[in-house]
Amino acid sequence: MSENLANGVLALAIVGWTAAFFAISLWWSERRIRIFVHNYTTFGGTPMEKAKIFREPDAEDQLEAAIDRIEGIAGTKVARQPTAEDTKFTADTLQNGIDWLLHEAKESGRQLSVEEATEEAERMLNAEGIEM
């Protein structure tokens with residue numbers, strides 16, 4: 001009789017452990033499905049893409065990007081420095097600028113030569129540099 005009892009306990013133990021492993025696998029798969037659904041609704045899919053390296057653009061790249069944006073809006077080629085053919089001012093306009101600069105320099109008590117005033121007036125008319 002004890003042998004039958006031992007075989008019954010062994011059979012019951014096998015059934016119990018099998019049911020326990022089955023329950024654990026169901027719980028584990030349900031957990032993985034919850035994680036998948038959460039990732040899918042939050043990030044739009046799984047597996048997520050690997051992180052990409054972001055290279056911060058330098059000043060020249062930023063300038064080129066800004067020129068491209070301006071060209072896209074304006075629809076014309078943007079030149080960095082106007083050439084002699086691009087100048088849209090006459091000799092009278094240049095002379096007015098020179099006269100104004102000489103007058104302002106005289107009123108403020110500074111010395112300004114005609115050559116310096118000519119260069120400054122041309123620079124101002126061409127809008128070169130950061131100070132206009």
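Numbers below:
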{"item": "So Ile98, is it surrounded by 11 or more Cβ atoms within 10 Å (Cβ to Cβ), modelled with pLDDT under 85 and of a type in the set (A, V, I, L, M, F, W, C)", "result": "no"}
{"item": "Leu12 vs. criteria at pLDDT 85 or above, assigned by TED's automatic domain parsing to the domain that holds Glu119, surrounded by 10 or more Cβ atoms within 10 Å (Cβ to Cβ) and not small (Gly, Ala, Ser)", "result": "no"}
{"item": "Filter result for Glu60 (farther than 25 Å from Ala127 by Cβ and either of a type outside the set (Phe, Trp, Tyr) or at pLDDT below 75 (or both))", "result": "no"}
{"item": "Yes/no for Gly72 being at pLDDT below 80, more than 30 Å from Met124 (Cα to Cα) and not assigned by TED's automatic domain parsing to the domain that holds Glu122", "result": "no"}
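The values are calculated or read from the model by the stated rules, or taken from the named source; none is laboratory data. Just so it is clear, the model here is predicted, and its values are computed rather than measured. Methodologically, a virtual Cβ is constructed for each residue, glycine included, from the backbone with ideal geometry; neighbour enumeration extends over all protein chains shown.
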